[in-house]
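Accompanying notes for the structure given below.
The values are calculated or read from the model by the stated rules, or taken from the named source; none is laboratory data. No experiment lies behind these values; they were computed from the predicted model shown. Don't worry about glycine lacking a Cβ; one is built from the backbone with ideal geometry, like all the others, and counts go over all protein chains shown. Accessible surface areas use protein heavy atoms only, side chains included; no ligands, DNA or RNA. Shrake-Rupley method; radii C 1.70, N 1.55, O 1.52, S 1.80 Å.
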Amino acid sequence: GAVFVASGTGQALSETGPSDYQGLEKLVKSQQQQLDVQAGEIAILKEQLKALLAKTAQNEQALTVKADKEEIEQLQLDKSIASSNPNIAVSLYGQVNRAALWADNGDSSKVYFVDNSASSTRLGLLAMAQPSDDFTAGGRIEYSLVSNASNDVNQLQQDTAASLNLRWADLTLESNRLGKLYLGHGSTASDNTAEVDLSGTEVALSSEIESVAGGQLWYDGAGNILTDLQIKQTMNNVDGLSRRDRLRYDTPSFAGFSLGGSAVENGAFDAALTYSRKFEGINVAGALAWVNPQDIDPSVDYFIDGSVSLLLESGFNVTFAGAWKNMIEDNRDDVQYWYGKLGYTTDLFQSGFSAFALDYGQYENFVLNNDDGRAFGLGYVQYVKDWATEFYLAYRLYTLERDQGDYDNVNAIMAGARLKF
């Protein structure tokens, strides 16, 4: 084709052939297709960039959480307890156990805010050295810090003095082959032998039936007299020699059995046999003790106490305890009691196990001949694992019959919580 320009008229005239139009049309279509492809690629790149930014934000958040966790762990390490001797491992432990107690002795009812005597508030320190695989040396110091003990408060004393009492000041030497030796202040071999219990309700309901309201005074309804006789005098679980200054030795465990003995202050001594074994579908634990109290209790020649507890895989459990005291005085009948508990543990809530129990005990001649004391109880414990805390509720009914006097029943309810650390 040709192009002619007429300069005289100021107009440009163009003339193009058909083949040139077709070429231009193909070129435009090709460029449009390329633009469409590029637009699609750009959209894909945008999505990839968006996902990458989101992943980056997640990584930043994870790094922040990790940094916070490491900082917290470092703070915890900074606050840990360490011995000045690198060969000694030291740990701090304890618990706080507080409750509200309501008690009615037939004459009056009162509310008390107490420390639960079944398992008092306490603080302790453990130290351990292990010079060999078979030998361990240890030490333990523990104090109870109690204000208003639940087995002390009564109608005349609602606010008892706070106390700091030594529970343990003990040195131990232990060998897997030879057994364990204790020297100092702590549990005798017979301590806790009347309190073996697999029910999970011990903090609320146990053979230590006096822990709920043992300080309450009996009321003589016939004579309209508030006596000076406390529940814990007329019924208790006769649990060995408790914690004292002593030299104690326990054998290694053989098929679940272990034998122990103590030489105790004031010439007293004891011996105890303990047992703990897990079979298919059942846990069994028990203890039996023989005690000569000497000057600790000169009215008693010797006594025997014990307990046994069975826990089934289903959660059902049963516990028995009892004791017999041979009294020195010729005119005193022997002191004795028996106690039984039926319980059930289950997982009602995801927070931790739930435990229920009911118990009954009968107590004879604890103060005078022919005294007949009885105790009935209901208890519930709910464990919250994340808080390391047990919440509990207990009800107790105490009765006393004796030759002289007409004593009203005592009803008591206690609700509280125990946090362990």
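Structure data summary
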| item | result |
| --- | --- |
| The range 210-250: number of residues that are surrounded by 15 or more Cβ atoms within 10 Å (Cβ to Cβ), polar (S, T, N, Q) and part of a loop (DSSP other than H, G, I, E, B) | 3 |
| Residue in the range 139-160 that is touching a His at 6+ places or on another chain (Cβ under 9 Å) and not β-branched (Val, Ile, Thr) present | no |
| In the range 159-190, residue surrounded by the fewest Cβ atoms within 10 Å (Cβ to Cβ) [restricted to those that are part of a loop (DSSP other than H, G, I, E, B) and in contact with an Asp or Glu (Cβ under 7 Å, 6 or more places away or on another chain)] | Arg177 |
| Extreme residue, most open to solvent (accessible area, probe 1.4 Å), among residues of the range 285-338 that are touching a helix residue (DSSP H, G or I) at 6+ places or on another chain (Cβ under 7 Å) and on the phi < 0 side of the Ramachandran plot | Asp295 |
| Ala394, sole failed condition from (1) assigned to a strand (DSSP E or B); (2) within 30 Å of Gly223 (Cβ to Cβ); (3) in contact (Cβ under 8 Å) with a residue 40 or more places away in the chain; (4) among the hydrophobic types (A, V, I, L, M, F, W, C) | (2) |
| Conditions (1) open to solvent by 60 Å² or more (accessible area, probe 1.4 Å); (2) within 30 Å of the chain's Cα centre (by Cα); (3) modelled with pLDDT under 95; (4) not acidic (Asp, Glu); number of the one not met by Leu125 | (3) |
| Some residue of the range 132-140 being open to solvent by less than 70 Å² (accessible area, probe 1.4 Å) and assigned to a loop (DSSP other than H, G, I, E, B) | yes |
| Members of the range 110-131 found to be in contact (Cβ under 8 Å) with a residue 60 or more places away in the chain and assigned to a strand (DSSP E or B), listed by number | Val114 |
| Residue in the range 297-308 that is farther than 23 Å from Ala263 by Cα and part of a strand (DSSP E or B) present | yes |
